[in-house]
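Engineer: Quick one: the structure is below, questions incoming.
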Amino acid sequence: MSLLKEAEYIYVFSKELLRLNRKLKKLGKAAEKHKKRHNEAKEDKQLRHKVRHANTVQDIEKLMGRHNQIFTRLKNHYHRFAHYLRKEHKI
């Protein structure tokens with residue numbers, strides 16, 4: 001692949017990683033909110049908040065799997081980019 005193609009992959013994967021980071025931050029705040037409400041709620045409503053917290057944590061775990069895949073691919077393309085850059089400029 002060329003230097004330009006590797007730069008393109010780095011750009012695309014970095015955008016995807018930023019998007020996933022925003023989603024993870026939003027879900028983290030939601031999980032904290034459910035945990036807080038679980039602690040403050042009466043016993044009859046605690047189960048509902050516990051279930052919502054558990055569902056949010058599952059969503060976070062799924063996104064973290066995708067995040068790790070994207071991050072690995074980004075690292076691979078970064079190393080390829082550095083290789084092609086050295087090769088092209090004989091550094």
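Engineer: Given the condition at pLDDT 95 or above and of a type in the set (A, V, I, L, M), answer yes or no: does some residue in segment 65-85 qualify?
Structural biologist: yes
Engineer: Now for a different question. Looking at Ile60, Ile70, which is the one that is under 30 Å from Lys87 (Cβ atoms), surrounded by 12 or more Cβ atoms within 10 Å (Cβ to Cβ), touching a Leu at 6+ places or on another chain (Cβ under 6 Å) and not aromatic (Phe, Trp, Tyr)?
Structural biologist: One residue alone meets the criteria, Ile70.
Engineer: Please determine, by comparing only the residues of segment 41-57 that are charged (D, E, K, R) and surrounded by 12 or more Cβ atoms within 10 Å (Cβ to Cβ), which one is farthest from Phe13 (Cα to Cα).
Structural biologist: Looking at the filtered set, the residue picked out is Lys45.
Engineer: Can you tell me which residue within segment 26-40, out of those that are farther than 24 Å from Met64 by Cα and either at pLDDT below 90 or exposed (fewer than 13 other Cβ atoms within 10 Å of the Cβ) (or both), is farthest from the chain's Cα centre (by Cα)?
Structural biologist: Residue satisfying both the conditions and the ranking: Glu40.
Engineer: Please specify each residue of segment 52-91 satisfying the condition of being in contact (Cβ under 8 Å) with a residue 24 or more places away in the chain and over 19 Å from the mean Cα position of the chain (by Cα).
Structural biologist: Scanning segment 52-91 gives Arg80, Phe81, Tyr84, Leu85, Glu88.
Engineer: Exactly one of these conditions fails for Leu27: (1) touching a residue at least 40 places away in the same chain (Cβ under 8 Å); (2) in contact with an Asp or Glu (Cβ under 6 Å, 6 or more places away or on another chain). Give me its number.
Structural biologist: Condition not satisfied by Leu27: (1).
Engineer: A follow-up question, please. Among the residues of segment 4-16, how many are surrounded by fewer than 16 Cβ atoms within 10 Å (Cβ to Cβ) and either of a type in the set (A, V, I, L, M) or not in a helix (DSSP H, G or I) (or both)?
Structural biologist: 3
The values are calculated or read from the model by the stated rules, or taken from the named source; none is laboratory data. These numbers were taken from a predicted model, which means no experiment stands behind them. With ideal geometry, Cβ positions are generated from the backbone for all residues, glycine too; neighbour counts draw on all protein chains shown.
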